[in-house]
Every structure is written in structure tokens, then in C-alpha cells.
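These notes concern the structure reproduced below.
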Amino acid sequence: MKRLFSILSLILFGTLALQAQSKFTVSGTVTDKSTGEAMIGVLLRAIPASGTAAGGAYSNEYGFYSITLPEGDYTLKVDYLGYDTLALPLSLQENKRLDVGLMERSTQVDDVLITTEKDDDNVTQAQMGVNKLDMREISKVPVLFGERDILKTMQLLPGVKSTGEGSGGLYVRGGESSQNLILLDEAPVYNAYHLLGFFSTFNSDAIKDVALYKGTAPAQYGGRLSSVIDVKMNEGNNQKYHVSGGIGIIASHLNVEGPIVKDKGSFLVTGRRTYADMFLKLSSNEAFNTAKLYFYDVNVKANYSLNDKNKLYLSGYFGRDKLGLGAFGINWGNKTATLRWNHLINSKWFSNTSLIYSDYDYEVAISSTAASFSLASGIRDFNVKQEFQYFATPKHTLRMGLQAIHHTVTPGQVTLSDTSSFQPPTVQDRSGLESAAFFAGDWEPATRLHINYGLRLSMFNQLGGGNFYTYDSEGTVTDTTYYDAGTFIENYIYPEPRLSLSYTLGATNSLKAAYTRNAQYLHMVSNATATNPTDVWILSSQNVKAEVADQVSVGYFQNFKDNMFEASGELYYKQLYNQLDLRNGANIQANEFIEGELVSGKGRAYGLELFFKKKKGDFTGWVSYSLSRTERQIAEINDGNWYKAKQDALHDVSIVGMYDISKRVSLAATFVYRTGNAVTFPTGKYYVDGQLHYLYTERNGYRMPAYHRMDISCTVEGKPRPKYENSWNFACYNVYGRQNPYSIDFQDDPDDPTKTQVVQTSLFRWVPSITYNFKF
């Protein structure tokens, strides 16, 4: 194996190999010394006696680093915000393994936040449209019911929107919510929300690192058009056992972690559950005291070092929502599992092999004394991924690999009780094979120039078996063909290039530009204005083409006052192809012929994103503003004219402020404002046989009212104790009681049936919350 990679290195980088004959490599893993957690994004610099840095590197997502240097003596300086800086003597006469353990600072200096990036990474790095969230910042941002929520916090960033109150789904740079790739330890999560969007599936106790890529993601990511949300779980403390948790008004959570074998392996188990259903049992109304209204989720992770070159990880997520009132009930949930093997091939080659499982399903049930009915749907994946990283030089890192995913989709299966004489429709499962090869590099060819490049070659094969249909332009079946299981029916292949450039103008500012192409073979179909659990997933086929998007972006980035402040402005334009929408009156549930209900066309999204952030001091926070437009053009809709997509919103403003009154007391507040989403309202009404019908003309030709609210919170830390920490969080969501619309309905005026009433439904005026958090 070592010989194979040595030969490959020589072929790819012959001149580098010749130059490196008198050079040696120092490599190893960076961890938190008190917990054993691998640390991401730690900066390591080798400084010779001359005092000028000879080379440096960042630790990767598994904590591994590699630096190749000329033979000699150095000081290896290791920096990470919030941790003590290390200066280690290094004598290189041969390749050397040097593992590094960092200790968190015991004293607070200028209230520095722990982050996974260097102070000026936003200026110097080539990647555009990327945000990395700090878990300590997230813990202070006020949210609904006092639950820390990474997806809700993302909605406060430029270019990221939601559809409104109590709705799941993120809309990034004009894309649909289904066009976001959400990963938890490499496993895709297809519905990342609890309680119809009020909570995300990610328990913050279990989360180590979160990165959001708005468009130009590195080539190892693929399969979605708009964004990548890469969430990595904590590994657990391999030094000591710890228990932490929180008790809130509506939900509680618990976290247990500790060593399996000290210094070699650790485990983590986190759990969370809401208990609104327990309060309903106090009601005298039988319909309410028997209702189900809760969710739970469990995160588990374990790791074990076989030796200094091999480490195994096993992680999983299990979550479920159950809502039931009287005869109606709905439940949905995700299951994921990831088995990962990290292997250090040599000091310059790093390997990661992953086996990944993901399963999302939902069931809607209606029961009565006469009969019962249920509708089930879901998507299940089996995924294998092999990835290599090659640390060619301190200024050039390469990544390459292969991936294959087998998808099985159940579009909607109906089940009736034995007492029913009705024969339910049979909807066949569909399957497909999505695969890719990718190659990417991060390169600094000159002092001021930083390049991030990549190519992803993605492929999709539609697989049998069952009956497959051909449709005419009206969506009517014209032919039926049967294929055996495993037969290749339709094949797609797309090259997906990515390129990001950063040119540093001075020590504190830079210009950036990026281009990317993405292809997507999975599609979500919905006839609602917001993402909900009963949306249906379908695969690309001979009738449904792969979605494709090209995005270009340019930006200016500036830091001020020793990186205390950062500011940026980005312009983007995205062209989308084969965008799907529904025919008027389409039925998507348990429909064997759902592909005939779809029409396709093109789309465009463009906008300006402004961001200003204060990162240091007692007072921190940010302001973000997005000016954007999102449109579609489909021949069968709006007479073929351009129309606004449902997620189109011209203005979006978020203001976040956090103030540390003392070491134990902090305040936080957020304010959000956005233009109302585009919506289709009736333009007239008529009666047929006494039944009221509404007339609709222009698609998405109207607007919901503007959305705005303010949230506040106060966190009070308990007195420091040797083995126990605690805090109280007091918060109020929607503090000034804005009645934001959840839905708008039309109905006859009971006093004058010739007139029509417009009825707005709102969910929350204000929601106070109290949460007690502890750790020992």
C-alpha cells in the first residue's frame, strides 16, 4: 500500500518529489488534552532560527496535520483561539510523528471565543460563501422554548431564509429546502426538524463542529444544488466521565460521556425529549388528555484507537416525532449510522473509509369505528465512501475519492384495515444508484493568491424493477414497460467543476471569486408552501431529469482593528435547470403516476449579501442583510412567463447582539425582518351545485405580510465549583408580541355571503422560557 501511494505521488508531483529529497515531514494528531477530542482547524507553524515561518498547516476534520520542511531545527508553534499557545522544539533529520495536546486557557483574556478558524481566515482563505458556527455563540442566541438550535441560528446568516413561523426548511440563495445536503457524521438527514419545524433534529449537546457552504462547496460534497450543512458530533471524553444536561419548560436533555479505555477510546450518549403531552394529560377534555405531542432523539458515538495509525469511529442518530389528536395521527423520524476507519498510510497520506446508513420515514394514520387508514412513505440509503488526503507541500493539499449510494424510495403506500372493502392503490418502490469520483486541491501558488479547485464527476443510474410509465405533455400515461430488479433504465452523468480564488490586497482585505456546477438526482415534491414531514421524495428517471445549477459569485472581505471586526459583501448569480413544479390540482400522496403530475423548467436566483461582525470584547454580535430575487419559468405555469418562487423574499435582515455583563452574567438579543414569501391567493370565487370554489390565476403573484420579531435572553452562570457547573437561561421569544401569519385562509362572510373574509392564523405572540443546565 505504501509503495502504491509513493508511485502515485511521484507520477502526480514528480518535480515536487525531486525537490523534496532533502526534506522531511512532521505529522500527527491535535487533541484537546483534557478531553481527548480531535481538534479541527488548529494552526501549526514551523519557525526556524531565522524567525520566519518556513511552513504551516491546519489540522483536518479528524485532527490530523502534516508539514514537509527542509532538514533542520525549528520551533513548532501551535495556535488555537481560547487555548494556550504551544512552542515545541523540533529537530528534523527524518520523518517524525508528533502528536499535540492543547489545554484550554484557565484565565479569560479579552473574552475570546473558541472558534474553528483563524482570526483572518475570512480574508485569506479561498473558500467563498462559507460560515462556521461557534457552539458557544449558539448557546447564547435566544430561540424558541430556550432550546439551542443550530439550524435556527443559521437563519440569522446572510443568504439563508425560512418560510415562516413554525415551518421547517432552509432556503439558501434561492434554492428549495430539498436542495440542501444536511450531513450528520457524513450521513444524510432528509428531514432535519422536530414538531413541524419548531426544533431541529440536532441536539447541541452532541455537536462538535458545524459548517455551512452556500454554493461553492469542496468537491467531496455533492448531490444537492444549493448548500451543504456539515455537522460533526463530539467524540466523547477519553480522560474522565462527565454527565451534563438541562431541564426546560417543554424539553429536557442529558449527556453522558467518558473513556472506554483511557487515552485510547471514548463514548458519548445524548438524549432529549419534550413532554408537552404530559401537560395535556391534566386536561379535562378527553381528546386532549389522550393526545400525543412529543419528540425524542438520541445521539451515540464511540471511537477506539487500534494503534497510532488506525482509529475506528461508530456513530448513530435515532429520532422520532409523534403527533396525535383523536382519530388523526402522524409520526416521522430519522435513523442514521456511520462506521468510519481513519488510517494514516504514511506521514503525507491520510485515508478515511466510511460505511453509512440513512433512513427517513413517516406515517399518517386516520382511524374510526368503521375502518382505519394509514399512508407511509420514506427514503433509505446505503452509502460507501473512500477518501484520501495528500499533504503535498505546506502550500498544497490534495483530496480525492470515490462514493456510491444506493437509494430506495417509497413514494407513498396506503394500508387499510380488514373491515374496509376498498382496495387501496399500490405504489411501487423505486431505486437508483448515485456514484461519484472527485478530486480537489487547496493551493497557495503565490504570497497573495489562494486557490481552491476541484472536479466532481457524478453519475446516476435509475434501476428496475416494476412497471415504468411514459407520459404525454398533459401527464397522461401513454405506455407501460416492465423492468426486472437491478436493470439500468436511465443513466445520467455530469462533470461538476468548482473553483474559488482569493487575492489578498493587503494585510486585512481581499477580493474573491468563485464558480461551481452542481447536479441533483433526488427531488422533493410538495404542494404546501412550507416544508413538512409528508413531502414526497422521488428519483431522477426517464421522465424526471436531473436538476443542475451553475453559480458564480464575487466578494470583498475586510477586517479591522486587529481582526476584532470583520465585514464582507458578496454578489451571486445562480442559473438553475430542470426545476420541478406541480400541475394545477396535482395529487402527490399515494400516486403511482406522480411523475405525470410534474412539470419542469428553469430558474434563476441572484442577490447581494452583506455581513458585519464584532468578534472580540464584552459585546459581540453581527448584522446580516440579504437583497435577493428567486424566479422560475415553466411553460405550463403562468402562461410561460417568469414567476416568483415561493421562497422569494426581497429583503432579509438579522441583528444579533451578545453582551457579557460579568464573567457569570450575559445578555443576548436578536431581531429579524424579512419580506413575506410569495404565495398564490384566489382572485375570484364561484359555486357549482352549491359548493364554493375559488378561482386562481397568477402563480405566486401575492405576498404574505412581512415577518419580524425580537427575542431576548439572559444567562446566569452558577458559582464555580471544583466538580460541578450550572447555569440558568431566561428567554422570551417574540418579546413585543408580533402576530406573524402562520396561514391565511379565505371564506364566505357569514353576515354577507357575497363577500369574502380573509382569516389570518398566528401561532405565538410571546413565549417565555426558563432552562436549567448542569454538568458534573
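Data overview
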read-out: Which numbered condition R105 misses (of (1) modelled with pLDDT under 85; (2) on the phi > 0 side of the Ramachandran plot); value: (2)
read-out: Test: residue in the stretch 495-515 that is open to solvent by 20 Å² or more (accessible area, probe 1.4 Å), within 21 Å of L433 (Cβ to Cβ), touching a Lys or Arg at 6+ places or on another chain (Cβ under 8 Å) and assigned to a strand (DSSP E or B); value: yes
read-out: Test: residue in the stretch 540-559 that is touching a residue at least 12 places away in the same chain (Cβ under 8 Å), under 26 Å from S162 (Cβ atoms), touching a strand residue (DSSP E or B) at 6+ places or on another chain (Cβ under 7 Å) and surrounded by fewer than 18 Cβ atoms within 10 Å (Cβ to Cβ); value: yes
read-out: Filter pass, F439 being open to solvent by 30 Å² or more (accessible area, probe 1.4 Å) and at pLDDT 90 or above; value: yes
read-out: Number of the exception - D209 against (1) outside any loop (DSSP other than H, G, I, E, B); (2) modelled with pLDDT under 90; (3) buried (at least 24 other Cβ atoms within 10 Å of the Cβ); (4) not β-branched (V, I, T); value: (3)
read-out: Members of the stretch 463-494 found to be of a type in the set (S, T, N, Q) and within 18 Å of G222 (Cα to Cα), listed by number; value: N491
read-out: Of all residues making up the stretch 326-341, the number that are surrounded by fewer than 22 Cβ atoms within 10 Å (Cβ to Cβ) and more than 15 Å from F295 (Cα to Cα); value: 7
read-out: Strands (runs of 3 or more DSSP E) within the stretch 38-100 that include 3 or more residues open to solvent by 10 Å² or more (accessible area, probe 1.4 Å), of a type outside the set (D, E) and touching an Asp or Glu at 6+ places or on another chain (Cβ under 9 Å); value: 43-48, 86-92
read-out: L598 being over 30 Å from D711 (Cβ atoms) and in contact (Cβ under 8 Å) with a residue 24 or more places away in the chain; value: yes
read-out: Only one of V231, V269, V243 that is assigned to a strand (DSSP E or B), open to solvent by 10 Å² or more (accessible area, probe 1.4 Å) and within 19 Å of G333 (Cβ to Cβ); value: V269
read-out: Matching residues, the stretch 342-360, being over 14 Å from E387 (Cβ atoms) and open to solvent by less than 10 Å² (accessible area, probe 1.4 Å); value: S358, Y360
read-out: Residue within the stretch 593-609 that is in contact with a helix residue (DSSP H, G or I) (Cβ under 8 Å, 6 or more places away or on another chain), charged (D, E, K, R) and either surrounded by fewer than 16 Cβ atoms within 10 Å (Cβ to Cβ) or on the phi < 0 side of the Ramachandran plot (or both) present; value: no
read-out: Meets criteria (touching a residue at least 24 places away in the same chain (Cβ under 8 Å) and under 29 Å from the mean Cα position of the chain (by Cα)) for E636; value: no
read-out: Selection from the stretch 663-692 of residues that are free of Cβ contacts under 8 Å to residues at least 60 places away in the same chain, open to solvent by 60 Å² or more (accessible area, probe 1.4 Å) and not in a strand (DSSP E or B); value: R664, T683, D689, G690
read-out: Selection count, the stretch 295-339, where residues are under 24 Å from A38 (Cβ atoms), under 20 Å from the mean Cα position of the chain (by Cα) and either basic (K, R) or outside any strand (DSSP E or B) (or both); value: 1
read-out: Residue tally, condition more than 28 Å from the chain's Cα centre (by Cα), in contact (Cβ under 8 Å) with a residue 60 or more places away in the chain and open to solvent by 60 Å² or more (accessible area, probe 1.4 Å), over the stretch 693-724; value: 2
read-out: Output for the stretch 465-493, where each listed residue is open to solvent by less than 50 Å² (accessible area, probe 1.4 Å), closer than 29 Å to S226 by Cα and without any contact (Cβ under 8 Å) to a residue 60 or more places away in the chain; value: I489, Y492
read-out: Check on G432, of a type outside the set (D, E) and touching a strand residue (DSSP E or B) at 6+ places or on another chain (Cβ under 6 Å); value: yes
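Each row is one residue, and each column tells you yes or no for (1) free of Cβ contacts under 8 Å to residues at least 24 places away in the same chain; (2) open to solvent by less than 60 Å² (accessible area, probe 1.4 Å); (3) of a type in the set (G, A, S).
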{"position": "N299", "(1), (2), (3)": "no, yes, no"}
{"position": "Y304", "(1), (2), (3)": "no, no, no"}
{"position": "S315", "(1), (2), (3)": "no, yes, yes"}
{"position": "N383", "(1), (2), (3)": "no, yes, no"}
{"position": "Q389", "(1), (2), (3)": "no, yes, no"}
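The values are calculated or read from the model by the stated rules, or taken from the named source; none is laboratory data. Here the structure is a predicted model, which means the values were calculated and not measured. Using ideal geometry, Cβ is built from the backbone for each residue, glycine included, and neighbour counts are taken over all protein chains shown. Accessible surface areas use protein heavy atoms only, side chains included; no ligands, DNA or RNA. Shrake-Rupley method; radii C 1.70, N 1.55, O 1.52, S 1.80 Å.
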